[in-house]
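The values are calculated or read from the model by the stated rules, or taken from the named source; none is laboratory data. In this text the structure is predicted, and so the values were computed from the model without any measurement. Positions of Cβ are generated from backbone atoms using ideal geometry, with glycine treated the same way; all protein chains shown enter the neighbour counts.
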Amino acid sequence: MSEESINLDVGREVEKESIAESQIMEQLNSILRNVKDIFREVALMFKDLDSGNAEAVKKRHTRIRALKDDVENSGINLMEYVIKVSPALMFKDVYISIIEDAVRAAEHGEAAAYRNLLLSSKEFERMPDNLYALLDSVLVKLVSMVDTDLDMLNKVGIGNKIFRELYIQLIKAENAVDELYREAGLVILRKYSKDVGALILIKELFDKLEDAADILKRVGTYIRYISLHR
């Protein structure tokens, strides 16, 4: 085979990879935007719970469930596409990991929303203001983490310095969620030591959100890995 033919083959493979990656990046953007919408809706859902609007809580959970289903379906379709074009991809396994974690983040958001729905029943008394404040702070951080992941995704290959700054920002947000989670744990134990049902439900709610922060940091780690190798 001539050198010219080899160069043409290499050029075609690079073009195939570029087209495939552009499609994957576009779909990942769409999935992560839906993940962001889930956490924004969860934050609004807690405001509905705080105001005692059980009907609004129920309607918002329906919207969150629909967004989660959309993320899952989009994740399945994108996974199939990645596998289909995998011979042209250098980072096939990394893309699959990002898709899986984006879906997990959406599922954790919906799981937190479901526990919110249960708390809206008349069986449970209203949570204290300090817990609502902690929940709101956690959800603000989660939304900002998805924003950072999206920013990183759209800046892949631009420069290591920019990526390093974004990744540090992501780590700081995840550490802040950990701090809020620990603070909430103490409040929950003091407030609900005699109400095991409420204690378990609210603890699980915070667990899901804290796990989501870990997942979103991992998504950023995978994106940074791809960018470092560009």
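Here are some notes:
- Scanning the range 106-126 for any residue that is farther than 21 Å from LYS203 by Cβ and of a type in the set (Asp, Glu) turns up nothing.
- Here GLY52 meets each of (1) assigned to a helix (DSSP H, G or I); (2) in contact with a Ser or Thr (Cβ under 9 Å, 6 or more places away or on another chain); (3) at pLDDT below 95 with one exception, condition (1).
- Residues of the range 134-151 that turn out to be over 16 Å from VAL71 (Cβ atoms) and either of a type in the set (Val, Ile, Thr) or at pLDDT below 95 (or both), as a count: 3
- Options LEU216, LEU201, LEU205, LEU186; residue that is in contact with a helix residue (DSSP H, G or I) (Cβ under 6 Å, 6 or more places away or on another chain) and closer than 14 Å to LEU134 by Cα: LEU205
- Selection from the range 119-132 of residues that are buried (at least 16 other Cβ atoms within 10 Å of the Cβ) and either among the small types (Gly, Ala, Ser) or not in a loop (DSSP other than H, G, I, E, B) (or both): LEU119, SER120, LEU131
- Consider the range 175-214 and keep the residues that are among the aromatic types (Phe, Trp, Tyr) and part of a helix (DSSP H, G or I). The one that is surrounded by the fewest Cβ atoms within 10 Å (Cβ to Cβ) is TYR181.
- Flag if ASP37 is at pLDDT 95 or above and either in a helix (DSSP H, G or I) or in contact with a strand residue (DSSP E or B) (Cβ under 9 Å, 6 or more places away or on another chain) (or both): yes
- Boolean, GLU72 is in a helix (DSSP H, G or I), closer than 29 Å to ARG115 by Cα, of a type in the set (Asp, Glu) and touching a residue at least 24 places away in the same chain (Cβ under 8 Å): yes
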